[in-house]
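I have placed the structure first, in the form of structure tokens, so that the comments after it can refer back to it.
The values are calculated or read from the model by the stated rules, or taken from the named source; none is laboratory data. Here the structure is a predicted model, which means the values were calculated and not measured. No Cβ is skipped: glycine too gets one built from the backbone with ideal geometry, and neighbour counts run over all protein chains shown. Side chains included, ligands, DNA and RNA excluded: accessible areas come from the protein's heavy atoms. Shrake-Rupley method; radii C 1.70, N 1.55, O 1.52, S 1.80 Å.
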Amino acid sequence: MDGVLWYVLTGTRGGENRVRIIKALEERPRNANKLAEALDLDYTTVRHHLDVLCDNDVLRKQGGDYGAIYLPTDRARQHWDTVEQIMEKVE
Amino acid sequence: MSLWLQVIWVAAALNIVLLLGLSYVWGRNYTRFRSKHTLGLAAFGVVLLAENATALYLFYFNPDLSAWIAAQAPIAHRAIGALRLLELVAIGFLAWITWD
């Protein structure tokens, strides 16, 4: 899991925005729309990053289709020190 | 120049373009995250970029060496070119997942 986190968050073009997304969801789980607003990102960009993070078992979806909220998985929480280590670098 | 050599030439040039993009993404992430992980990726990109640029120069642009290799060891020239194509496939996959 540590390797996945390093790769998905720091090895790819969209890594920095993914870190911001995880940080926001850790503070308060929310849906894609609210997340796009809070981070001032394009809705489709946010959806793409959420899909990648769900695929890699960093985030999970809760609730219905459109209003579904996203939150960190248990697996990500077990490796939260790594997430924090990465998050420290992003304001 | 034979068609095969042109294909190899284009593969080396494409490798360089892809590696420039990858090194840019990884280098930018390194300046952001300052982690060992991103430093490794950035260093890998830059070294492989240097390798491809050197190969392109030695095999195609250096007049003496490229003519000598093509004349003296055409089979080796083709074989090394095939390796370059495989490298393009590998770097292509890496670019595909990194551009995400």
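Some notes on this structure:
- Per the conditions (1) assigned to a helix (DSSP H, G or I); (2) touching a residue at least 40 places away in the same chain (Cβ under 8 Å); (3) more than 13 Å from chain B (Cβ to nearest Cβ); (4) not charged (D, E, K, R), the sole criterion not satisfied by residue A:86 is (3).
- Set B:94, B:41, B:65, B:85: member being closer than 14 Å to residue B:13 by Cα and either without any contact (Cβ under 8 Å) to a residue 60 or more places away in the chain or aliphatic (A, V, I, L, M) (or both): B:85
Residues checked against (1) surrounded by fewer than 17 Cβ atoms within 10 Å (Cβ to Cβ); (2) touching a helix residue (DSSP H, G or I) at 6+ places or on another chain (Cβ under 6 Å); (3) not in a helix (DSSP H, G or I):
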| position | (1), (2), (3) |
| --- | --- |
| B:17 | yes, no, no |
| B:20 | yes, no, no |
| B:38 | no, yes, no |
| B:58 | yes, yes, no |
| B:71 | yes, no, no |
| B:81 | no, yes, no |
| B:89 | yes, no, no |
| B:97 | yes, no, no |
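- Any hit, the stretch A:19-30, residues being under 10 Å from the mean Cα position of the chain (by Cα), without any contact (Cβ under 8 Å) to a residue 60 or more places away in the chain, within 13 Å of chain B (Cβ to nearest Cβ) and within 21 Å of residue B:39 (Cα to Cα): no
- Listed by position, the helices (runs of 4 or more DSSP H) contained in the stretch A:2-41 that have at least 2 residues being within 27 Å of residue B:42 (Cβ to Cβ) are A:2-10, A:15-27.
- Qualifying residues in the stretch B:1-15 (those that are open to solvent by less than 80 Å² (accessible area, probe 1.4 Å) and free of Cβ contacts under 8 Å to residues at least 24 places away in the same chain) - the one nearest to residue B:91 (Cα to Cα): B:10
- Residue among A:43, A:7, A:66 that is among the hydroxyl-bearing types (Ser, Thr, Tyr), open to solvent by 50 Å² or more (accessible area, probe 1.4 Å) and within 27 Å of residue B:20 (Cα to Cα): A:7
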